[in-house]
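Here's the structure, in structure tokens; my notes come after.
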Amino acid sequence: MRNAARALRGPPSIISVLARNQAGEVLKAAIQDGNLAAAEHNLTAQWGHESLYGGRVRLFSAGSLQAMLLESSLAVTAERGARVMSDYLPPSVSRNDEYQRIFELERKLGMRPECTAVAHYTHCPAHRGPVMKDVT
């Protein structure tokens, strides 16, 4: 992350960081997989399993992601949730037929701090320099 931060040239430069949310992994294990032992393990896990590509993936709590960005001299301008509920929808909801409704609901939920906290992913646009925290 430090190398990426150094590559930013000036004040208008922004980096977009998308990270796996530790709390989202808890919900995924419990809701999608029905694996309560894995859900409990994920409460403190630093690594998770990437089912799409295989292998391990780093998990971040909101605090650990913010700390890593600050240690890399990056100021977070906003924090949003990604895939707040779409990963947990039952098979009876058509991803094709309901795409627009799912997209709009995800957009609205991703801006709410309480939903960002449990989203599958956390999205943080950041820049070098003084903090310009988004309050919306």
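Stretching Arg9 away from Gln100 to a fully extended chain increases their span by 29.1 nm, per 0.36 nm per residue minus the current alpha-carbon distance. Protein heavy-atom accessible surface, 1.4 Å probe, per residue over the chain: 62 Å². For q = 0.12 Å⁻¹, what log10 I(q)/I(0) does the chain give under the Debye formula with an equal point scatterer on each alpha carbon and no solvent? Reported log10 I(q)/I(0), two decimals: -0.53.
Close amide H pairs (under 5 Å, H built 1.01 Å from N) link Tyr121 with Asn21, Ala82, residues at least 5 positions away or on another chain. At R0 = 25 Å, how high is the FRET efficiency between Ser73 and Gln46 if r is their beta carbon distance? Nearest 0.05 is fine. Computed FRET efficiency for Ser73 and Gln46 comes out at 0.65.
If packing is taken as the mean number of other Cβ atoms within 10 Å per residue, what is the order of 35-48, 95-108, highest first? Provide the component values of the computation, followed by the final result.
On the way: 35-48: 14.1, 95-108: 11.4.
Result, highest mean Cβ count within 10 Å first: 35-48, 95-108.
Taking amide H as placed 1.01 Å from N in the peptide plane, Asn35 has its amide H under 5 Å from the amide H of Ala30, each at least 5 places away in sequence or on another chain. Taking the accessible area of the chain, probe 1.4 Å, and keeping the other protein chains in place, the carbon and sulfur fraction comes to 58%.
The values are calculated or read from the model by the stated rules, or taken from the named source; none is laboratory data. Not measured: the values here are computed from a predicted model. Every residue, glycine among them, receives a Cβ derived from its backbone with ideal geometry; neighbour counts consider all protein chains shown. Side chains are part of the model used for accessible areas, which takes the heavy atoms of the whole protein and leaves out ligands, DNA and RNA. Shrake-Rupley method; radii C 1.70, N 1.55, O 1.52, S 1.80 Å.
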